[in-house]
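One structure is given below, encoded as structure tokens.
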Amino acid sequence: MQTRYLYLLRFILGLSDLILINICFFVGFHLADKFGNGVDESIYRQNILTCNLIWFVSTSMFRLYGQYTIYKLELIYRATWRSIAVHAFLFLTYLFFTNHIDFPRQFLVGFYSLVTLGFILSRFTGTYLQEMLMQNFDIRKAVAVLGMNPGGLKLAAYLEQQSSVNFVGFLGDEGFYVDPNGQLLPAASEQLKNAANAGVKEVFVSLTPDRMEDIPHLLKEGEKQCVRLKFVPDLTSGSASFRIDHMGGFPVLCVRKEPLEDIENRFKKRFLDVVFSLCVIVFVFSWLYPILAILIKLQSPGPVLFKQLRSGRDNKPFWCYKFRSMRMNSASDKKQATKNDDRITSIGRFMRRTSLDELPQFFNVLLGHMSVIGPRPHMLSHTEQYRALIDKYMVRQFLKPGISGWAQVNGFRGETKEQWLMEKRVEHDIWYMENWSAMLDIRIIFMTVINIFRGEENAY
């Protein structure tokens, strides 16, 4: 929460740090000149500007003077030590590549010793002064919470941790403030009046969605008492966890977190898909295809590749390719493969057990229909069947389907004889969607390879 004190602190901290760096550089030079072998003054003049520029770069990298860092002393301390470490690295790198090999080592040791000591004293002094100001002067904004509901309790816990505000507590414990006739309750009016008399500048009102109609009445009374009211929707009572995005100034409630809705994350995932798929196609598929094609043809007549319409992202169908592992049959678009299925050939059984039948799907990945990692694509008939039986089944269709997935490496692959097996698969797919990261994809790739060599019970 922005205050005049915090706004000024950013500039005071930045200016004092810059002065400290220059004082340390100046003192370090004269100490090296006095106690060392003598230091050419031109070295000081040539490098003081570079030293300052590198300090600006280092502090910018860690946002030492950023509006979010300045809120917590812990963040200021952490960014300070990181900035000093990076400054030392960049300055030494600069000296190395500019052939300043003969730069006085005693100056560097003295300079960074002074910088470290100076910032320790500076930060502890700053912390002490801040505590003194908070205790003896009214530099923090006094705020309170109206509404002791679950959302209000969480909000109060957050405000108590903010050093920039003085949380004075709750204004009553009522859950509502307006009667059914639209009249403000006397208790609410009295609480706002008491808050104004106590010097409270802002009151946060936690309201459940069914109490949003109370806002005009509370706002009118707050303005009458010269107290700013800020309304916080209490969305903790429902079964879903909400987050708030902003679009053109409009607050937008989103039910679930989806990292892959961020365009940068989608580029990362697509880059991994393309690179990994090209490597598999060039180094594995290129020589393995003719071998498997001959074996498939020798065991049963029909095409080498099997294609089938599957449900893709946003439930759009696409042609999914696999090595044909079964004899030609009319039930392939309706019936899942089962254990000891007589439609599967001997080479097909080997391919399914080792997941080699999935190799052609790397072309689906290159075409953009699939991803290396994601929910497994289901037959169209199964999508229609399970969307009617399983709650949130279609949520998994928000993502591109994958060759392997979080559900598969956790044992939920193959035939789903019972509904609960498909429910667990959907549960894992949704968890993956809400917790995606590039490292999670890499982890699943490694787990998939390990499972192939180890063998899987449901791989048939």
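The values are calculated or read from the model by the stated rules, or taken from the named source; none is laboratory data. Model, not experiment: these values are computed from the prediction. Backbone-built Cβ (ideal geometry, glycine too); neighbour counts: all protein chains shown.
Could we say that Leu305 is loosely packed, with under 14 Cβ neighbours inside 10 Å and touching a Lys or Arg at 6+ places or on another chain (Cβ under 8 Å) here? No; evaluated as a whole, the condition is false for this residue. A single entry from Leu389, Leu305, Leu298 fulfils the requirement of being under 20 Å from Met422 (Cα atoms), among the aliphatic types (A, V, I, L, M) and without any contact (Cβ under 8 Å) to a residue 60 or more places away in the chain: Leu389.
Whether any residue in region 279-295 is small (Gly, Ala, Ser), over 18 Å from the mean Cα position of the chain (by Cα) and either part of a loop (DSSP other than H, G, I, E, B) or farther than 20 Å from Leu367 by Cα (or both) is what I want to check. For region 279-295, residues small (Gly, Ala, Ser), over 18 Å from the mean Cα position of the chain (by Cα) and either part of a loop (DSSP other than H, G, I, E, B) or farther than 20 Å from Leu367 by Cα (or both): present. Only one entry of Ser381, Ser371 meets the criterion of being loosely packed, with under 15 Cβ neighbours inside 10 Å and in contact (Cβ under 8 Å) with a residue 40 or more places away in the chain, and that entry is Ser381. The requirement of being among the charged types (D, E, K, R), out of contact with any Gly (no Cβ under 9 Å at 6 or more places or on another chain) and at pLDDT 85 or above is fulfilled nowhere in region 208-219; no residue meets it. Evaluated against (1) surrounded by fewer than 19 Cβ atoms within 10 Å (Cβ to Cβ); (2) within 36 Å of the chain's Cα centre (by Cα); (3) more than 18 Å from Tyr432 (Cβ to Cβ); (4) modelled with pLDDT under 90, Phe363 falls short on exactly one condition, (4). Selection within region 207-223: residues that are of a type outside the set (Lys, Arg), in a helix (DSSP H, G or I) and farther than 22 Å from Lys141 by Cα. The member of this set that is farthest from the chain's Cα centre (by Cα) is His217.
So which residues in region 431-450 are surrounded by 20 or more Cβ atoms within 10 Å (Cβ to Cβ) and either of a type in the set (Asp, Glu) or under 23 Å from Leu389 (Cα atoms) (or both), if there are any at all? Scanning region 431-450 gives Tyr432, Met433, Asp441. When restricted to residues that are over 20 Å from Ala293 (Cα atoms) and either in contact (Cβ under 8 Å) with a residue 60 or more places away in the chain or under 44 Å from the mean Cα position of the chain (by Cα) (or both), region 341-354 contains 1. What about Ile84, is it part of a helix (DSSP H, G or I), in the same structural domain as Ala32 (by TED's automatic domain parsing) and surrounded by 14 or more Cβ atoms within 10 Å (Cβ to Cβ)? Judged against the criteria, Ile84 is a match. Selection of region 87-118 for residues being in a helix (DSSP H, G or I) and in contact with a Leu (Cβ under 7 Å, 6 or more places away or on another chain) yields Gly110, Gly118.
Quick grid of which residues meet (1) out of contact with any strand residue (DSSP E or B) (no Cβ under 9 Å at 6 or more places or on another chain); (2) assigned by TED's automatic domain parsing to the domain that holds Val200; (3) of a type in the set (A, V, I, L, M):
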site	(1), (2), (3)
Lys230	no, yes, no
Pro233	no, yes, no
Gly249	yes, yes, no
Arg270	no, no, no
Phe285	yes, no, no
Ser300	no, no, no
Phe306	no, no, no
Ser311	no, no, no
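The number of residues in region 375-392 that are under 22 Å from Ile444 (Cβ atoms) and at pLDDT below 90 comes to 1. Within region 244-273, the set of residues being surrounded by fewer than 14 Cβ atoms within 10 Å (Cβ to Cβ) and within 19 Å of Gln361 (Cβ to Cβ) comprises Phe271 only.
For (1) acidic (Asp, Glu); (2) surrounded by fewer than 18 Cβ atoms within 10 Å (Cβ to Cβ); (3) closer than 30 Å to Glu131 by Cα, each residue gets a yes or a no:
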residue	(1), (2), (3)
Asn149	no, no, no
Val168	no, yes, yes
Leu171	no, no, yes
Val203	no, no, yes
Thr208	no, no, no
Gly222	no, no, no
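Conditions tested, residue by residue: (1) part of a strand (DSSP E or B); (2) on the phi > 0 side of the Ramachandran plot; (3) in contact with a Ser or Thr (Cβ under 7 Å, 6 or more places away or on another chain).
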{"position": "Val168", "(1), (2), (3)": "yes, no, no"}
{"position": "Gly172", "(1), (2), (3)": "no, yes, no"}
{"position": "Pro180", "(1), (2), (3)": "no, no, no"}
{"position": "Ala188", "(1), (2), (3)": "no, no, no"}
{"position": "Leu192", "(1), (2), (3)": "no, no, no"}
{"position": "Ala195", "(1), (2), (3)": "no, no, no"}
{"position": "Gly199", "(1), (2), (3)": "no, yes, no"}
{"position": "Val205", "(1), (2), (3)": "yes, no, no"}
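In region 1-45, the qualifying residues are those that are at pLDDT 80 or above and among the polar types (S, T, N, Q), and the one that is nearest to Ala142 (Cα to Cα) is Ser16.
Please specify each residue of region 314-326 satisfying the condition of being in contact with a Pro (Cβ under 7 Å, 6 or more places away or on another chain) and either farther than 15 Å from Leu366 by Cβ or of a type outside the set (Ser, Thr, Tyr) (or both). Of everything in region 314-326, those that are in contact with a Pro (Cβ under 7 Å, 6 or more places away or on another chain) and either farther than 15 Å from Leu366 by Cβ or of a type outside the set (Ser, Thr, Tyr) (or both) turn out to be Cys320, Lys322, Phe323, Arg324.
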